[in-house]
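Some notes on the structure that comes next.
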Amino acid sequence: MPSCKVIAICNQKGGVTKTTTTANLGIGLAMQGKKVLLVDADPQGDLTTALGWPDNESLPVTLSTVMDKIIHDEEFEHFCGILHHAEGVDLLPSSIELSGMEMTLVNAMSREFTLKEYLDRIKHEYDYVIIDCMPSLGMITVNALAAADSVIVPVQAQYLPAKGMTQLMRTIGKVKKQINPALKVDGVLLTLADMRTNLAKTTADILRKQYGNVLKIYKTQIPVAVKAAETSAAGQSIYAYDKGSKVAQAYADFTKEVLADGERIKTKSAVSR
């Protein structure tokens, strides 16, 4: 592959559909002919479960395994442990063992770059690597931000989750300043949006007023729907589980926005050269 974009799906608030967005964006990109690796960077392993591997504790190789190999400078087969999903994406799974990696990283050399070092060895095989971050701003999330080219921030259509973005933006700013100068925020995605309610409308207005002049707010808004939550139990994307739904259409539209942004960046880069 000539180039690969690494995107972290990040928000320290839980319940904002990070995992659902990671899975459906990744599979949406695969449906557009892109080669995609999804990385489950959450010890809860929700992305691993959502893609059909609920017994993640029995998996012989997970993200924790490969990060431990990197830390101890051990030789290993870099693609060993990557799983293949029927809808055309690859997955580096996670398990509860990743929670212990936070403490291990504290004493590791170049601790912020452990995940980046691994991804640099394999990303030449992919067009996109998408990292599902845990709902915290600890060392695993810092590793994800250090490895990423950009961040997409899903925000639930309620006031308090939107307000919590300030802390996340500070963390992203610190990582950009101290660890990854090239890191940028691609945009903010409004999720679980019931635009019939005043609360959702107010949240969207607040986001655009407070951040619209410095951040892209995606035009697409992901509607709230029971079917979207059911996809995890089915081990499928929303496209396979409920193809004609508004949520499936919304994620398809969002995928097109992400692709269009990528093409604009490539064009600008080509012109500048």
Check: Per the helix-only calculation at 222 nm, which mean residue ellipticity applies to the chain, given -39500 (n - 2.57) for every DSSP H run of n ≥ 4 and division by its residues, nearest 500 deg cm²/dmol?
Finding: -14000 deg cm²/dmol
Next item on the list: Write out the cysteines belonging to the chain for which the nearest other cysteine Cβ is not under 4.7 Å, or none if no such cysteine exists.
Entry: C4, C80
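Where both residues lie in the chain, what percent of DSSP beta bridges are antiparallel, nearest 5?
Numbers: 2 of 29 bridges.
Taking every DSSP beta bridge within the chain, about 5 percent pair in antiparallel fashion.
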Item checked: Theoretical gain in end-to-end length, D73 to K177 [0.36 nm per residue, Cα-Cα removed] -> 34.7 nm
Note to self: Charges at C-beta only: +1 for Lys and Arg, -1 for Asp and Glu. How large is the resulting dipole of region 172-273 about its Cα centre, in Debye rounded to 20?
What the structure shows: 540 debye
Item checked: Extreme residue, positive dipole direction of the chain, given options N213, P135, G88 (C-beta unit charges) -> N213
Check: Over the chain, what is the mean sequence separation of C-alpha contacts under 8 Å (at least six apart), divided by residue count, expressed as relative contact order in percent?
Finding: 25 percent
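Using the beta-carbon distance between A260 and E230 and R0 = 35 Å, what value does 1/(1 + (r/R0)^6) give for FRET efficiency, to the nearest 0.05? Don't skip to the end; give the middle numbers.
Values: r = 30 Å, r/R0 = 0.84.
Computed FRET efficiency for A260 and E230 comes out at 0.75.
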Check: Out of these labelled values of P(r) over Cα pairs in 10 Å bins from 0, in percent, (i) 6, 23, 21, 8, 8, 14, 13, 6, 0; (ii) 7, 31, 38, 21, 4, 0; (iii) 6, 22, 25, 24, 15, 6, 1, 0, which was calculated from the coordinates shown here?
Finding: (ii)
Next item on the list: For the chain, give the magnitude of the charge dipole about the Cα centre (Cβ charges: +1 Lys/Arg, -1 Asp/Glu; no others), in debye to the nearest 20.
Entry: 1720 debye
Notebook entry, point to check: Which one of I140, I71, I172 has the biggest mean-square fluctuation once the chain is modelled by GNM with Cα springs under 10 Å?
Noted result: I71
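Out of the trypsin sites (Lys or Arg not before Pro) in region 183-217, which ones are loop residues according to DSSP with at most 13 other C-beta atoms within 10 Å?
On the way: sites: K184, R196, K201, R208, K209, K216; in loops: R196, K216.
Within region 183-217, the qualifying trypsin sites (Lys or Arg not before Pro) (loop, at most 13 other Cβ atoms within 10 Å) are R196.
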Next item on the list: May I ask for the longest run of the chain untouched by GluC sites (Glu not before Pro) that are loop-located per DSSP and have at most 13 neighbouring C-beta atoms (other than their own) within 10 Å?
Entry: 78-273
Note to self: Which one, S232, F79, L190, is farthest towards the positive end of the dipole of region 5-266 when Lys and Arg carry +1 and Asp and Glu -1 on their Cβ?
What the structure shows: L190
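Neighbour counts of other C-beta atoms within 10 Å: give me D261, D127 arranged from fewest to most.
Numbers: D261 17, D127 20.
By the 10 Å Cβ count, ascending: D261, D127.
Laboratory data are not the source of any read-out in this text; all were calculated from the coordinates shown. All of these numbers come straight from a predicted model, not from anything done at the bench. Please note: Cβ atoms are built from the backbone with ideal geometry, for glycine as well, and neighbour counts cover all protein chains shown.
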